[in-house]
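Colleague: If you scroll down you'll find the structure; I have some questions about it.
Nothing in this text is a laboratory measurement; each read-out follows from the coordinates by a stated rule. Here the structure is a predicted model, which is why all the values come from computation and not from measurement. Note that we place each Cβ from the backbone using ideal geometry, even for glycine, and neighbour counts take in every protein chain shown.
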Amino acid sequence: MITKSQKKVILDSLSKVIKDAKSVVFVNFHNLSVADDTVMRKALRASGVGYVVAKKTLAKIAMGNASVGGEMPTLEKELALAYGEDLVAPAREVFNFQKKYKDNVSIMGGIFEGKYMSREEMSSIALIPSKEGLYGMFANIINSPIQRFAIALSEVAKTKTA
């Protein structure tokens with residue numbers, strides 16, 4: 001049984017997480033084994049994503065205090081919050097585990113740029129590549145015309161020498 005003072009400490013901690021994080025993902029971790037949970041927590045931590053399990057009632061109170069826009073998604077079963085300074089990393093990392101542990105981990109929604117997002121919206125946010133991946137795509141786009149030009153020059157040189 002949790003005392004009122006312990007609940008206040010937990011509520012303050014959740015409120016700080018919700019106010020300070022750039023994005024928060026509501027995670028359902030129903031029937032996830034301790035070993036799988038440990039693996040997931042380590043991977044999230046390595047990606048700079050925080051992860052905290054919370055009672056739904058305390059989480060709802062903390063979200064109400066944070067004045068988040070929109071309509072809160074339905075929170076079913078067990079609730080954990082994945083949060084971070086990167087806008088996309090929490091959703092992307094949880095989505096990766098959702099694919100790995102299909103029936104045990106799922107995104108229930110989240111908070112993105114100060115607004116509640118549905119399960120579908122957070123899943124689509126999760127598909128956005130990382131910053132490094134986007135840099136790689138950009139470099140490839142910039143490099144592609146140069147490569148084609150070099151190949152064309154090479155072919156012209158071959159025809160001139162023949």
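Colleague: Which of the peptides 87-95, 142-150, 129-137 is most tightly packed, and how do the rest follow, going by the mean number of other Cβ atoms within 10 Å of each residue?
Modeller: The peptides rank, most packed first, as 87-95, 129-137, 142-150.
Colleague: Kindly rank 53-62, 117-126 from highest to lowest mean number of other beta carbons found within 10 Å of each residue.
Modeller: The densest-packed peptide leads the list: 117-126, 53-62.
Colleague: Which helices, counted as full DSSP H runs in the chain, have an axial Cα extent of no less than 15 Å and a Kyte-Doolittle average of -1.0 or above?
Modeller: 4-20, 34-46, 89-100, 131-161
Colleague: Okay, next question. Do the sum for the chain: with -39,500 (n - 2.57) for every DSSP H run of n ≥ 4, divided by all residues, what is the mean residue ellipticity at 222 nm, to the nearest 500 deg cm²/dmol?
Modeller: -18500 deg cm²/dmol
Colleague: Another question about this same structure. Hey, how much of the P(r) for the stretch 1-129 falls beyond 20 Å, as a percent of Cα pairs?
Modeller: 38
Colleague: Roughly how many debye, to the nearest 20, is the charge dipole of the stretch 4-128 about its Cα centre, given +1 on each Lys and Arg Cβ, -1 on each Asp and Glu Cβ, and no other charges?
Modeller: Rounded to the nearest 20 debye, it is 400 debye.
Colleague: Relative contact order, percent, of the chain when contacts are C-alpha pairs under 8 Å separated by at least 6 residues? Working shown, then result.
Modeller: On the way: 227 pairs, mean separation 45.6, N = 162.
For the chain, the relative contact order is 28 percent.
Colleague: Any idea which of Ile125, Leu44, Val156 is furthest toward the positive side of the dipole for the chain, if Lys and Arg beta-carbons carry +1 and Asp and Glu beta-carbons -1?
Modeller: Leu44
Colleague: Using label points projected 7 Å from each Cα along Cα→Cβ, tell me how many nm separate Asp20 and Lys55, to one decimal.
Modeller: Here the answer is 2.3 nm between the modelled labels.
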